[in-house]
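Heads up: the structure comes next, in structure tokens.
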Number of protein chains: 2
Amino acid sequence: MNISLKDYISIFIHQTDLKITNCVKEQLAPFNLAPEQNLIMLLLWERDGRTQQELAEQLQKDKTTITRMLSSLEQKGFIKRVTETCDRRSMRVFLTEGGKKLECKIIPVTEGFHKAVTRGITEEELAEVRRILTKMQKNIH
Amino acid sequence: MNISLKDYISIFIHQTDLKITNCVKEQLAPFNLAPEQNLIMLLLWERDGRTQQELAEQLQKDKTTITRMLSSLEQKGFIKRVTETCDRRSMRVFLTEGGKKLECKIIPVTEGFHKAVTRGITEEELAEVRRILTKMQKNIH
DNA sequence: ATTAATTAGTTGCTATAGCAACTAATTATA
DNA sequence: TATAATTAGTTGCTATAGCAACTAATTAAT
């Protein structure tokens, strides 16, 4: 990697993220789940029946991205969408049986990955990274 | 954002990256340049005539991604691709006049963004973030 | 009550991002 | 030299990611 590019912390963060995402992708592939789809499933395993709007807020993503991720998860048979009767604009997202069964297989993978990625890194160091990244996030707002 | 999701440092890094990328995207939009396309241009402004293979290595990206980014940059008229005579499998990427003219407009934007994102963050803190992120990158290999 | 504004979700567009499979060209090997 | 292996790049596929523009439904304002 070129030195002038590496000097930009933004690019360094971006490339770290890419590597992490690729690794997660690989580990989730056997379960037919993509990394971001997994985040939706994590929220639904905690509590399903959320609206798409709620999912978009919790994941801080555009609603169009959520629509498409849910379409994919629906096609895979992990979730179903039900129109809310009291507000017919809203869609509530529920787990299917297949979606529910996935939980006990995926959680160990997710936890295992987190342990692997933070190996040899102290809680203080993680807190420091969080603190500085938070500062960067605030700087661009 | 949900607490259990926020606890995963990978997700926190991912969301930081998304915010940064969106901000860069906004600043580059007036110049008809996307964030990753800008990285290719940065490399070419430094030295053009690189092969696609070289660009892929320097940006640590898949060659398919590079092919498509270059197609887009070519369509926008910023670069041109020339088949290498001594090895007709290779393509050398050169700046067009339009691509060359872009440099003096873009560099201040890039530098300005870097200054903004690192405002109030010391060199030591940046080095610490780099050190810990590097550790994470190594952990997943 | 009618109109205006807002909200939830979808579709079209573009941009990243990588894997698998492919072509074409070059190099290595038998 | 003929074949095998490698290399550079492209195309098809899927997955993220967000903006603009849209529909449909609901709520607010006149």
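The values are calculated or read from the model by the stated rules, or taken from the named source; none is laboratory data. Just so you know, these numbers come straight off a predicted model, no measurement behind them. Neighbour counts run over all protein chains shown; Cβ positions are idealised from the backbone, glycine included. Quick note on the areas: whole protein, heavy atoms, side chains included, nothing else; ligands and nucleic acids left out. Shrake-Rupley method; radii C 1.70, N 1.55, O 1.52, S 1.80 Å.
Pop out a list of residues from the stretch B:7-43 that are at least 40 Å² less accessible with all the protein chains around than in their chain alone; 1.4 Å probe, no ligands or nucleic acids counted. Buried on complex formation: B:8, B:9, B:10, B:12, B:13, B:14, B:15, B:16, B:17, B:19, B:20, B:39.
Taking amide H as placed 1.01 Å from N in the peptide plane, residue B:50 has its amide H under 5 Å from the amide H of B:93, each at least 5 places away in sequence or on another chain.
With each label modelled as a point 7 angstrom along the Cα→C-beta vector, the residue B:32-residue B:131 pair spans 4.6 nm. The 3J(HN,Hα) values that the Karplus relation (6.51, -1.76, 1.60; θ = phi - 60°) gives for the stretch A:78-87 are, in residue order, 8, 9, 9, 10, 10, 5, 5, 5, 7, 8 Hz. Gly and Pro appear as x. Distance from the A-onto-B rotation axis is smallest for the Cβ of the chain A residue given, in whole Å, as A:17, 2.
The relative contact order of the stretch A:3-111 comes to 23 percent, based on Cα pairs under 8 Å that sit 6 or more residues apart.
Measuring between alpha carbons in the structure, the pairs from A:63/B:105; A:25/B:115; A:19/A:105 lying more than 27 angstrom apart are A:63/B:105; A:25/B:115. Here residue A:135 is the anchor, and the aspartates and glutamates within straight C-alpha reach of less than 16 Å, apart from those fewer than 8 places off in the same chain, are A:125, B:17, B:123, B:124, B:125, B:128.
Taking chain A as a Gaussian network, Cα atoms linked when under 10 Å apart, which of A:56, A:34, A:116 shows the biggest mean-square fluctuation? Greatest mean-square fluctuation among the candidates belongs to A:116.
With its label point put 7 Å out from Cα toward Cβ, residue A:128 sits 0.4 nm from the same residue's point in the other copies, in order from shortest.
Whole-Hz Karplus values for the stretch A:63-68 come out as 5, 5, 4, 4, 3, 6 Hz, taken residue by residue from phi with 6.51 cos²θ - 1.76 cosθ + 1.60 and θ = phi - 60°; glycine and proline positions read x. Residues whose amide H comes within less than 5 Å of that of residue B:96, counting only those at least five positions distant or on another chain, are B:79, B:80 (H built at 1.01 Å from N in the peptide plane). The string of couplings for the stretch B:69-77 from the Karplus curve (6.51, -1.76, 1.60, θ = phi - 60°) is 5, 5, 4, 5, 5, 5, 4, 6, x Hz, one whole number per residue in order, with x for Gly and Pro. Using the Cβ of residue B:140 as centre and a radius below 13 Å, the other residues enclosed give a net charge of +4, where K and R count +1 and D and E count -1.
How large is log10 I(q)/I(0) at q = 0.10 Å⁻¹ when the Debye formula is applied to the Cα atoms of the stretch A:3-111, each weighted equally and without solvent? Taking Cα atoms of the stretch A:3-111 as identical point scatterers yields -0.35.
Computed from Cα atoms, the angle from the helix B:97-117 axis to the main principal axis of chain B rounds to 10 degrees. Each copy carries a label point for residue A:86 at 7 Å from Cα along the beta-carbon vector; from one copy to the others these points are 7.5 nm apart, nearest first.
Each of the trypsin sites (Lys or Arg not before Pro) that DSSP puts in a loop and that has at most 14 other Cβ atoms within 10 Å breaks chain B; the longest unbroken stretch is B:1-46. Applying 1/(1 + (r/R0)^6) with R0 = 35 Å to the Cβ-Cβ distance of residue B:123 and residue A:90 gives a FRET efficiency near 0.10.
Per-residue ellipticity at 222 nm from helix content only, as computed over chain B with -39500 (n - 2.57) for each DSSP H run of at least four residues, stands at -21500 deg cm²/dmol.
The Cβ shell under 14 Å around residue B:38 holds other residues with a net charge of -1, Lys and Arg each +1, Asp and Glu each -1. Accessible area buried by the pairing of A and B, both sides summed with a 1.4 Å probe, works out to roughly 5500 Å². Rolling a 1.4 Å probe over the protein heavy atoms gives the protein assembly as shown an accessible area of 53 Å² per residue. Summarising the label geometry, the points placed 7 Å from Cα in the beta-carbon direction at residue A:46 and residue A:104 lie 2.3 nm from one another.
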